[in-house]
Each structure stands twice: as C-alpha cells, then as structure tokens.
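Undergrad: Take this structure, written in structure tokens, and hold onto it; I'll ask about it next.
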Amino acid sequence: MTTFIFDVLKDLKSNGTNISEITFVLPSKRAGLFLKHQLAKVINQTVFSPEIISIEEFVEELSQLRSISNTELLFDFYNSYSQLTKEKDLDSFESFSKWAQILLQDFNEIDRYLIPQEKIFDYLSAIQDLKHWSLEQEKTDFVKNYLSFWNKLFGYYTHFTKFLLSKHIGYQGLIYRKAVENLEAYIQSNQTKQHVFLGFNALNTAEETIIKELLQNDLAKIYWDIDSVFINNPKHDAALFTRHHKNQWHYFKNNPFNWITENYSKEKNISVFGIPKNIGQAKHIGSILSNLQKTDSSLQNTAVILGDENLLIPVLNSLPKSIEALNITMGFPLKSIPLASLFEELFHLHKTASNSFYYKDVINIISHQFIRPLLNINDVDYTSKIIEIIENNNIVYLTKDKLIQIAKETKKVIDLLFSNWEKSIEIALNNCSQLILSIKSFLDKEKKANLLSLEYLFRFNELFNELKRLNTEYHHIKDVSALYSVYKELLSTETLDFQGEPLQGLQIMGMLESRVLDFETVIISSVNEGILPSGKTNNSFIPFDVKIENDLPTYKEKDAVYTYHFYRLLQRAKNIYILYNTEADVLTGGEKSRFITQLELEGIHNINHQIIAPHVPVINPSLTVIQKTEDLQQQIIQLASDGFSPSSLTSYIRNPIDLYYQKILKIKEHDDVEETVAANTLGTIVHNTLEDFYKPLTGKMLTIETIKNLKSKIEERVIFHFKNEYKEGDISKGKNLIIFEISKRYVSNFLDLEINALNAGNEIKIISVEVDNEVLIDIPELDFPIKIKGKIDRVDEYNGVTRIIDYKTGSVQQNQVEIVNWDDITTDYKKFSKSFQILTYAYMLRQSKQIDLPVEAGIISLKNLSSGFLKFAKKDKQGSYAKKNTLITEETINNFSIQLKKLIIEICNPDIDFTEKEL
C-alpha cells in the first residue's frame with residue numbers, strides 16, 4: 001500500500017521539483033512527522049529538510065499575530081465588556097463567561113469566513129427587534145435590556161478586536177482575517193517561495209482566499225485526496241467540499257485537479273461489529289489486535305481510531321500484553337488523574353461560603369489518596385480518628401476548629417484544606433499551591449515519589465500558577481465559585497502527553513488526528529449517531545437561516561467533515577474493523593451511524609456485519625451453607641452458656657445464617673452517621689424516657705396525679721436521651737425536629753392512655769421496669785448448660801391480673817400476637833416473631849418464679865395506641881376468638897417450652913448446618 005503523502009512526494013520528484021526549497025502546509029502537525037518519514041523513501045541523497053508547517057502556523061506567520069488560549073481571551077473580552085457596560089448592568093465574570101464563550105465562537109466563525117462584521121451584527125439585532133414579543137409601543141425594561149444586548153454586539157467586537165490587535169495577539173478567526181489582509185504583502189515579499197498544500201478538505205473563506213491567491217500567482221500547488229466514487233456522486237457528502245472547490249475555483253478551469261483516485265473501489269475486508277457498551281468495544285479491540293498479531297506481530301501499519309476519546313483508558317487496559325511498540329497521539333486528560341478529584345472535592349466544598357462543612361465532603365477529602373498520608377503523623381492515622389469521632393458522635397456538620405480539636409498535630413494540613421478559602425482568591429490559590437508542595441515534600445521524604453506522581457504535581461502546580469497569573473493580571477475572579485469555573489476551563493484543555501516513538505508500532509489516535517495519514521489496517525470505534533457524525537448542535541447566537549445566507553457552516557457541513565474523514569480512512573485501507581455501541585444511551589443514543597448504513601447500501605464492498613453478545617457466565621444463585629465444624633460447635637456451646645436472647649432466637653428463625661454472622665462471627669452493621677434519626681434510635685429514646693418515669697414507681701400503685709406530674713417532665717427527659725443517643729446530631733430543624741416532636745407525642749399519648757385507664761376505675765401497680773432476667777433451661781438432649789436472657793420492658797398488675805408488657809414504637813396489629821398451631825411459632829418469623837418474644841419473657845419469669853400463672857403478655861404499640869394492650873392469644877383451628885385464651889396458663893408455657901427447646905436443640909445440633917433461607 002502506498003500512502004497519499006508518498007504519492008505526493010513522488011509526483012513532486014518526478015516533476016523535477018527541488019523538495020528542499022518547498023514549504024509544505026498540512027492540516028495538522030502530526031501529518032508533518034509522517035511526511036518527514038516518507039521523505040527518506042523518496043529522496044536517495046542527502047538534502048536539507050524542507051519547511052513543514054501546519055495551516056495554523058502558516059496563517060499565524062502571515063498575520064504576524066500570536067494565538068492565545070481561550071481562557072485568556074475570555075479575561076480580555078471581559079475587560080472590553082466592562083468598559084462598554086454600565087456598572088449596574090454588569091454581569092459577574094462567572095455569569096459573563098457562560099454566554100461570552102458562545103459569542104467568542106461566533107466572532108471566530110464570522111472572521112474565519114470573512115463576513116462583513118457590522119452588516120451581520122446589525123442584521124442580528126434587527127431580527128431580534130422584529131421577533132421580540134412586546135406588542136406595546138413603549139417597550140418594557142426587560143425587552144429594552146434584551147434588545148440592548150444585541151445592539152451592543154458590534155461594539156463589543158470592535159473594542160475587543162482593537163485591543164487584541166494592539167497587543168499583537170488574537171483568536172483563530174482574527175488571525176485568519178489579518179492573514180488575508182497581509183496576503184498581498186506576503187506574496188510581494190516571497191516571489192520565489194513555493195508552497196505545497198496537501199490533504200485539505202473543508203476550507204473556510206480565509207483559507208480559500210489565501211490558497212487561491214497563492215495558486216494564481218504560481219507560488220503554490222495543491223493536492224487533494226478524494227476518490228472518484230465520492231466526487232462523481234453529487235449526493236455523497238464525503239466530497240461535498242472538494243466538489244465545490246473543483247467546480248467553483250477559477251484556477252481549476254485551466255489547471256488539473258490533483259487527485260481523484262481509484263482506491264476506494266479496490267477489494268477490502270470490512271467487518272462491522274455491534275457491541276454493547278463502551279467497555280465491550282474496548283475489549284473487542286483488544287481481541288482484534290490479538291488476532292492481527294498472529295500475522296503481523298509489530299502491527300506497524302495498524303491504527304486504532306477512537307470516535308469517542310473517552311475510550312482511551314479502557315482501550316489501553318484491553319491491549320494485548322504482547323504489543324511492544326505503541327504510539328498514542330492524543331494526550332491523557334488532566335481532569336482524569338487522581339489529583340484532579342482532590343481539587344474537585346475542595347472546590348465543591350468551598351464554592352459556597354460556609355463556616356461548617358458537611359461530614360461526607362470532609363471524609364472524601366481527608367480520605368483522598370494524596371491527603372491521607374499527610375494526616376498520618378508519628379504512626380497515628382488521624383484520618384481514621386476523625387472519621388471515628390464523626391461516626392461515634394453523629395456529627396453531620398463540622399467546623400475547621402472542631403477538626404483541629406480532634407487532630408491538633410495536623411493543624412497545618414487542616415488549615416490548607418479548610419481555612420480562609422472564602423476570604424480571598426489569593427488565599428484559596430495559595431492554599432492549593434502549598435498543598436501541592438506539601439504532597440511533594442511528603443513523597444520526597446518518604447522516598448515514595450515516582451515519576452508519574454511528580455508529573456501530576458508539576459502539571460497542577462503549573463495550572464495554579466497560571467490561575468495566579470490571570471488573577472493578578474485581570475482581577476476578574478471575585479469568589480471561589482468563579483475561580484472554580486476558570487479552573488475547570490483550564491483543566492479541560494490540559495493533557496499529559498504519552499511517551500512513545502511516533503512512527504513505530506500500533507497507532508492510537510482520534511479521528512481528526514488521522515487527517516492525511518493512511519493505514520493498511522484500521523479499527524474505528526464508537527461509530528454511532530451523535531459521535532460519528534456528531535449531529536445537530538446549535539451552540540451559537542447566529543440563527544440557522546442567517547448562517548445559510550452568509551455561507552457560514554451549519555450542522556450539515558460539520559457532518560460532511562466527519563463523512564470525509566471516515567471515508568478517507570477507508571480509501572487505501574485493506575482491513576477495516578468498524579465498531580459501534582448497540583446499547584441505548586441517554587445522551588448519544590444507541591443507533592448505529594448512518595455511515596454504516598451507507599456502506600451497506602452502496603453495494604461496493606461485502607460487509608461482514610455481526611452483533612457481538614458478550615459471554616456472560618450463568619451463575620446459579622446458591623444459598624450459603626456453613627458446616628458445623630468442631631471449632632464452630634464449641635463457639636455455639638459458648639454462646640448457649642452465655643445466653644440466648646429472644647432477639648437472637650428470632651433472628652435464627654428468620655434466617656439461620658444471621659445468627660451465625662451476628663453472634664458467632666460478631667459481625668455488626670457499620671454505624672454510619674445518622675443524618676435523620678433512625679427508627680431504632682427513636683425506639684431507644686422512648687424506651688429510656690418511659691424507664692426514667694416508671695422505674696421510681698416500682699412496687700407502687702399508679703395515680704392520676706403521679707402520671708400528670710410526669711407529663712411536665714417529658715421534654716426535659718426526651719432532650720436528655722436525644723443528646724445521649726443521637727450525640728451531636730441536630731434536632732432543631734427538618735425531619736429530625738419532626739421525629740423529636742413525634743417522640744414527645746408518643747410518650748405523652750402513652751401517659752394519656754394510663755390516665756384514661758385510671759379514670760375508668762382501673763387499678764395499675766408497677767411490679768418491675770426494664771429488669772434484666774436470665775434463666776437456665778434443662779434440655780436432657782444437650783450435655784451443656786443453656787441460658788436464656790433478656791430485658792423485659794415492664795411487668796405490672798392490672799386489676800389484679802399480672803401483665804408482661806413489651807413497648808414497640810412501630811405499628812403492631814392484634815393478629816401479630818396470635819397463634820393457631822404451636823409448630824408455626826418457630827417457623828414463620830414475619831407472623832409469629834412478636835408472639836415468640838413475649839412468650840419467651842413469660843417463660844423466663846415463670847422459670848425464675850417471679851410470677852404466678854395465669855398471666856397476660858402482650859405489646860403496647862405506641863403507633864397504634866388506640867388498640868391499647870395487644871394481648872397474646874391462642875386461637876382454635878376454626879379461627880374463633882375466646883377471651884379465656886388470652887391468659888397464659890401452665891399449659892401455654894409447657895406448649896411453648898416444647899417449641900423453644902426444639903429450636904435450641906436444632907441450633908446446637910452439630911449435624912444441622914447453618915443454612916441460609918431464601919427470603
């Protein structure tokens with residue numbers, strides 16, 4: 001395969017052209033490297049290298065202006081805007097930058113296409129005046145301000161461009177316009193200089209003017225790279241621009257149009273793969289390369305073209321390890337490196353000025369891989385210490401002083417991270433720079449610095465130095481939020497360059513970097529609508545019809561640019577692999593590109609189209625089974641000796657594996673910070689408040705007066721227990737305030753229930769409150785002691801009948817404390833766990849001889865107080881309800897005892913494994 005560049009050089013040589021004296025102008029710098037490489041193949045003697053430059057460099061030389069970054073343009077434009085706008089109407093720099101970016105793009109387009117500036121801006125303001133919605137003769141202030149903006153556009157443009165020209169700098173469009181103005185002088189000064197333009201396609205008006213003038217003056221040659229299949233088809237967008245140039249340029253009336261080739265029609269192996277998701281595409285690229293290495297281990301003439309450059313990292317991670325030579329033409333985005341996430345977190349924290357910080361933001365920052373080592377002093381991990389105190393004390397918002405109080409030794413780092421950002425931009429930027437130096441100092445001291453980490457730090461140090469320079473020179477950044485927007489703008493343009501030999505091995509590049517280059521094997525990814533081509537975007541103040549009238553490019557021309565690049569890659573290639581994402585995506589959609597459909601409909605080549613379904617192994621869900629080894633059996637015996645609680649027994653009924661995890665392995669759920677009071681915390685607070693009220697009344701009869709006196713203490717006791725249980729959590733607002741009020745209401749309503757019972761003539765005597773109980777059970781089948789233990793909320797006498805009461809803050813219904821068959825009580829957790837719990841309490845009190853039967857046992861649901869005391873009841877099989885069955889008798893205890901012992905024997909049986917239940 002011969003490349004386009006090789007053919008051009010060969011043609012120049014055959015025409016007797018002195019290549020050393022030519023200035024080659026190419027669409028990109030990268031193409032220049034390949035041109036230099038090809039020179040050695042064409043010229044077989046020692047010569048001076050010709051001048052090889054990109055079109056941007058050539059135009060800058062013509063214009064005598066220096067190009068500056070988009071960010072600096074924005075600052076300079078704000079200067080012009082500030083001088084032309086009344087102070088009361090002035091937008092902040094942050095607000096300004098949102099619309100100014102679009103306006104700068106429009107300035108750029110207007111200048112590149114040499115549109116008369118005043119004419120188009122007057123036209124735009126006239127359109128807005130016509131279509132504004134106010135029918136009143138007297139316009140409102142809003143409409144006046146709106147129209148005023150459009151009327152000022154030409155003023156903004158004039159002032160801004162004059163300022164730039166005075167400093168000999170410019171944006172691309174201005175440089176192009178100035179280059180055209182200087183063209184005549186350039187031609188006069190360079191009468192013998194020969195230029196060769198090659199590989200161009202879409203040209204703006206300025207570029208067309210420059211090239212046409214040089215051609216007319218015999219100072220240039222131009223080589224196009226277009227295939228006859230495209231140029232001879234008037235509807236094929238790959239030749240949209242070259243057809244225009246061939247037909248409209250006067251030069252080609254008398255001179256040949258070089259070149260229309262016949263490469264595309266040659267035999268090609270084209271495979272199209274539809275693959276789900278980006279990662280699927282990356283993996284498949286790795287698979288294709290592995291197969292290609294079997295015939296060409298060096299992959300010397302192979303390129304991977306990334307339609308979506310976000311695929312770079314997945315593709316690099318999917319490359320076969322056997323690839324030795326690799327060149328990556330695109331840089332690694334600085335925004336994707338770990339250090340970027342640290343500054344993202346810091347700006348997120350500080351862009352809204354506040355004296356206190358949300359705990360999750362603080363944890364994210366102090367846990368960051370670059371910060372955590374700085375907070376490890378004298379082998380004390382202060383990051384873990386801070387997190388532990390936050391979680392143990394339920395701290396949702398922290399101040400800088402609180403952090404320093406927790407970890408005084410880390411004050412310097414804490415200050416850099418959390419102090420004074422809001423006071424001035426200079427302090428914020430200085431904190432960032434000092435932080436970078438602190439990280440570098442640590443890495444140097446610990447000898448952990450690798451070249452990559454140092455490169456990260458160096459590039460971010462450069463970035464913040466640039467921010468300092470912009471802030472010092474312009475003074476437009478007034479707060480952290482504006483600083484963050486400038487930081488993001490700078491960060492988005494910065495990349496880390498990969499090291500590699502640009503002319504050896506596999507090439508990985510973006511679509512635009514492939515211009516002028518040819519490869520025998522091409523793999524193109526992300527060939528989806530919205531990516532290739534990019535589709536309709538309207539990021540402009542200039543309406544579509546105005547663009548058409550002024551020959552400005554619209555989405556159609558932008559799509560045609562991508563069409564040309566896509567088909568040009570295919571022209572000389574022999575093996576072509578096209579990949580697209582089959583999965584629907586919110587932003588880009590899952591539709592395959594029209595390019596693929598066009599390839600199939602052309603009928604020129606046989607297309608091998610496959611949908612690749614990833615191999616997903618079928619994993620049959622299996623329930624966990626823990627075999628009872630001798631060691632495990634000993635732990636179970638120890639657990640039985642220490643005592644089973646009703647809750648541990650019901651957790652076994654719910655799922656045996658829970659008992660194993662919680663009581664044998666002692667795995668607890670991680671205690672997160674409770675931003676909103678949890679249900680169990682509410683339950684604890686209400687229980688503890690009722691314990692405070694009723695414990696002093698043990699052995700006493702309740703009176704209405706006593707209960708009324710308790711009501712006045714509700715707020716004080718509830719607040720006390722909130723502080724005790726919820727620690728430093730805030731209950732002064734939001735959901736927590738509602739839960740605080742609910743807890744007071746629960747206690748108050750319960751006391752009202754007691755008062756109503758006493759008013760009705762009932763007698764209530766408190767026997768015990770929140771008393772710990774434990775009893776030994778004799779189970780002949782087991783040769784070791786079994787203990788049951790638990791805390792019973794309340795035992796009282798109600799009109800002479802002993803009641804065992806369990807408080808529940810959740811909703812409980814009567815049917816949840818009723819059973820029909822005794823065998824069910826240890827099998828169905830959902831229906832009978834509450835019955836099991838209260839019967840266990842009754843059994844314990846009976847075994848310890850603290851009560852005489854019969855008794856009543858049940859639940860008072862604080863969420864369902866209208867139902868009163870929900871008594872345990874044994875129902876007969878027909879479902880009829882008899883009052884006598886609510887009494888717990890000796891028979892009830894004996895029947896429950898059989899089920900209880902059966903359950904404990906099962907837990908302790910070495911032949912019955914802990915088997916997970918399917919819930």
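Undergrad: Given the conditions (1) over 28 Å from residue 706 (Cβ atoms); (2) polar (S, T, N, Q); (3) in contact with a strand residue (DSSP E or B) (Cβ under 7 Å, 6 or more places away or on another chain), and given that residue 826 satisfies all but one, which numbered condition is not satisfied?
TA: (3)
Undergrad: Can you confirm whether residue 202 is small (Gly, Ala, Ser), within 26 Å of residue 514 (Cβ to Cβ) and surrounded by fewer than 20 Cβ atoms within 10 Å (Cβ to Cβ)?
TA: Yes.
Undergrad: Return the residues of region 649-677 that are of a type in the set (Asp, Glu), under 28 Å from residue 839 (Cβ atoms) and not in a helix (DSSP H, G or I); say none if nothing qualifies.
TA: Matches in region 649-677: 669 only.
Undergrad: Within the group 601, 552, 570, which residue is open to solvent by less than 20 Å² (accessible area, probe 1.4 Å) and over 30 Å from residue 120 (Cβ atoms)?
TA: 570
Undergrad: For residues in region 569-594 being at pLDDT 90 or above and out of contact with any strand residue (DSSP E or B) (no Cβ under 8 Å at 6 or more places or on another chain), which is nearest to residue 2 (Cα to Cα)?
TA: Step by step, filter region 569-594, then rank; the result is 572.
Undergrad: For residue 49, indicate whether it is free of Cβ contacts under 8 Å to residues at least 12 places away in the same chain, open to solvent by 70 Å² or more (accessible area, probe 1.4 Å) and either within 28 Å of residue 184 (Cα to Cα) or not aliphatic (A, V, I, L, M) (or both).
TA: No, not satisfied.
Undergrad: Give me the residue from region 1-39 that is of a type in the set (Gly, Ala, Ser) and open to solvent by 20 Å² or more (accessible area, probe 1.4 Å) and, out of that set, nearest to residue 568 (Cα to Cα).
TA: Among residues in region 1-39 that are of a type in the set (Gly, Ala, Ser) and open to solvent by 20 Å² or more (accessible area, probe 1.4 Å), the one nearest to residue 568 (Cα to Cα) is 14.
Undergrad: I'm told residue 738 meets every condition in (1) under 30 Å from residue 639 (Cα atoms); (2) without any contact (Cβ under 8 Å) to a residue 12 or more places away in the chain except one. Can you identify the failing condition by its number?
TA: Going through the list (1) under 30 Å from residue 639 (Cα atoms); (2) without any contact (Cβ under 8 Å) to a residue 12 or more places away in the chain, residue 738 breaks only (1).
Undergrad: Could you grab me the full set of residues in region 897-919 that are open to solvent by 70 Å² or more (accessible area, probe 1.4 Å) and part of a loop (DSSP other than H, G, I, E, B)?
TA: 911, 917, 918, 919
Undergrad: Return a yes/no flag: does region 845-863 have any residue that is in a helix (DSSP H, G or I), of a type in the set (Lys, Arg) and modelled with pLDDT of 90 or more.
TA: yes
Undergrad: Also: State whether the residues of region 629-648 include one that is within 30 Å of residue 913 (Cα to Cα), assigned to a loop (DSSP other than H, G, I, E, B) and of a type in the set (Ser, Thr, Tyr).
TA: Within region 629-648 (the criterion being within 30 Å of residue 913 (Cα to Cα), assigned to a loop (DSSP other than H, G, I, E, B) and of a type in the set (Ser, Thr, Tyr)), the answer is yes, since at least one residue qualifies.
Undergrad: Taking region 469-490 as the region of interest, how many residues are open to solvent by 40 Å² or more (accessible area, probe 1.4 Å), in contact (Cβ under 8 Å) with a residue 40 or more places away in the chain and more than 26 Å from the chain's Cα centre (by Cα)?
TA: 2
Undergrad: Further, regarding this structure: For the structure I just gave you, tell me whether residue 766 is at negative phi and not in a loop (DSSP other than H, G, I, E, B).
TA: Here the answer is yes, as residue 766 does meet what is asked.
Undergrad: Please go through (1) touching a helix residue (DSSP H, G or I) at 6+ places or on another chain (Cβ under 6 Å); (2) not in a strand (DSSP E or B) for residue 25 and return the number of the only condition it doesn't satisfy.
TA: (2)
Undergrad: May I pose another question? Among the helices (runs of 4 or more DSSP H) lying completely within region 263-351, list those that include at least 1 residues that are within 23 Å of residue 520 (Cα to Cα) and open to solvent by less than 60 Å² (accessible area, probe 1.4 Å).
TA: Passing ranges, in order: 277-293, 312-318.
Undergrad: Moving to a separate point now. Considering only region 252-262, state which residues are polar (S, T, N, Q) and assigned to a strand (DSSP E or B).
TA: 261
Undergrad: Test residue 398 against the criterion of being surrounded by 18 or more Cβ atoms within 10 Å (Cβ to Cβ) and without any contact (Cβ under 8 Å) to a residue 24 or more places away in the chain, and give yes or no.
TA: no
Undergrad: Further, regarding this structure: So, in region 704-719, of the ones that are among the polar types (S, T, N, Q) and open to solvent by 60 Å² or more (accessible area, probe 1.4 Å), which residue ends up nearest to residue 798 (Cα to Cα)?
TA: Restricting to residues being among the polar types (S, T, N, Q) and open to solvent by 60 Å² or more (accessible area, probe 1.4 Å), the top hit is 709.
Undergrad: Would you check if there is a residue in region 680-697 being part of a helix (DSSP H, G or I), touching a Ser or Thr at 6+ places or on another chain (Cβ under 8 Å) and exposed (fewer than 12 other Cβ atoms within 10 Å of the Cβ)?
TA: no
The values are calculated or read from the model by the stated rules, or taken from the named source; none is laboratory data. Just so it is clear, the structure is predicted and the values come from calculations on it, not from any experiment. Virtual Cβ from ideal backbone geometry, glycine too; neighbours counted across all protein chains shown. SASA here: full protein model, heavy atoms, side chains in, ligands and nucleic acids out. Shrake-Rupley method; radii C 1.70, N 1.55, O 1.52, S 1.80 Å.
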